[in-house]
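Computed from the coordinates by the stated procedures, all read-outs in this text should not be read as laboratory data. All values reported here derive from a predicted model rather than from experimental measurement.
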Amino acid sequence: MAISFNRLCSNAIPEGRYKAQVTDVKFKTSATGETSNDLQVHLTILEGEYAKRVVVDTILEKVFSWRLKPFLMACNIDMNKE
């Protein structure tokens, strides 16, 4: 999957396009140990200067409507199936 991190987490790596793989997806846990409905997506950079670096993006529950669908499509998940 090729992804541009410039709008997602600009402080993690320089703006640009990187070949990355989703290596973990989990519900975010608060400092008090409570699980939320926000998703933490761990992406591992596959090539170049930042290869093997893990970038964490959080998809907040309140923005699922416009963030989750593109993420699932990028993961090749058929959203027409239940």
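Scalar couplings 3J(HN,Hα) for segment 66-78, obtained by applying the Karplus form with A = 6.51, B = -1.76, C = 1.60 to θ = phi - 60°, are 10, 9, 6, 4, x, 5, 5, 5, 5, 8, 6, 9, 6 Hz; x denotes Gly and Pro. Between residue 53 and 45, the built amide H atoms are under 5 Å apart, and every one of these is 5 or more places off in sequence or on another chain.
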